[in-house]
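Asks: Here it is: the structure, laid out below.
The values are calculated or read from the model by the stated rules, or taken from the named source; none is laboratory data. All of these numbers come straight from a predicted model, not from anything done at the bench. With ideal geometry, Cβ positions are generated from the backbone for all residues, glycine too; neighbour counts draw on all protein chains shown. Note: areas computed on protein heavy atoms with side chains; ligands, DNA, RNA excluded. Shrake-Rupley method; radii C 1.70, N 1.55, O 1.52, S 1.80 Å.
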Amino acid sequence: IKGDMEELGLTEDIIQKLLDTIAIKDLDELEKVLGETSPALQQIKDLFTYAEAYGFKDWLVFDASVVRGLAYYTGLVFEGFDRQGELRAICGGGRYDKLLEAFGGAAIPAVGFGFGDAVIV
């Protein structure tokens, strides 16, 4: 990934800051980078608050390095793994507010996911 960033013309300082940021695994640490008023940080905090209220927070792990299909995702993205952590992602998805509209459908915000056939077969 560092080579890709260099090809984009990013400086070594910027590259290191980006790499350090995507390595963060703690929301308090991320807040120090993004600031407490960051809309993106607030979405992540809201997700963890809802997860706690519904009893599945222990199943979530924050990972700032997860990136999926930036062409159409408009918010949080996620991946699902087996309990033992032996397989690659079983499924992945996220929020896409404009995808349905792009294919001629109504302008409806949505969240979805797909399974990885190589993993579930």
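Asks: Among the listed residues A53, A40, which satisfies the condition of being farther than 30 Å from I14 by Cα and either modelled with pLDDT of 90 or more or of a type in the set (A, V, I, L, M) (or both)?
Replies: A53
Asks: Filter segment 28-78 down to residues that are open to solvent by 40 Å² or more (accessible area, probe 1.4 Å) and either touching a Cys at 6+ places or on another chain (Cβ under 7 Å) or among the polar types (S, T, N, Q) (or both) and give me whichever is farthest from L100 (Cα to Cα).
Replies: Per the stated criteria, the residue is T37.
Asks: Let me ask something else about it. State which residue is surrounded by the most Cβ atoms within 10 Å (Cβ to Cβ) when the search covers only segment 7-27 and only residues that are within 18 Å of V61 (Cα to Cα) and of a type outside the set (D, E).
Replies: Pass one, segment 7-27, residues within 18 Å of V61 (Cα to Cα): 20-27.
With of a type outside the set (D, E) added as a condition, the list becomes 21-25, 27.
Values: T21: 14, I22: 13, A23: 11, I24: 18, K25: 11, L27: 14.
Ranking the qualifying residues of segment 7-27, first place goes to I24.
Asks: For segment 100-114, does any single residue satisfy the condition of being modelled with pLDDT of 90 or more, part of a loop (DSSP other than H, G, I, E, B) and surrounded by 14 or more Cβ atoms within 10 Å (Cβ to Cβ)?
Replies: no
Asks: Oh, and also: May I ask you to say which residue of L34, L19, L10 is among the aliphatic types (A, V, I, L, M) and within 28 Å of R83 (Cα to Cα)? Write out each step before concluding.
Replies: Working: L34 fails: within 28 Å of R83 (Cα to Cα); L10 fails: within 28 Å of R83 (Cα to Cα).
After applying the criteria, what remains is L19.
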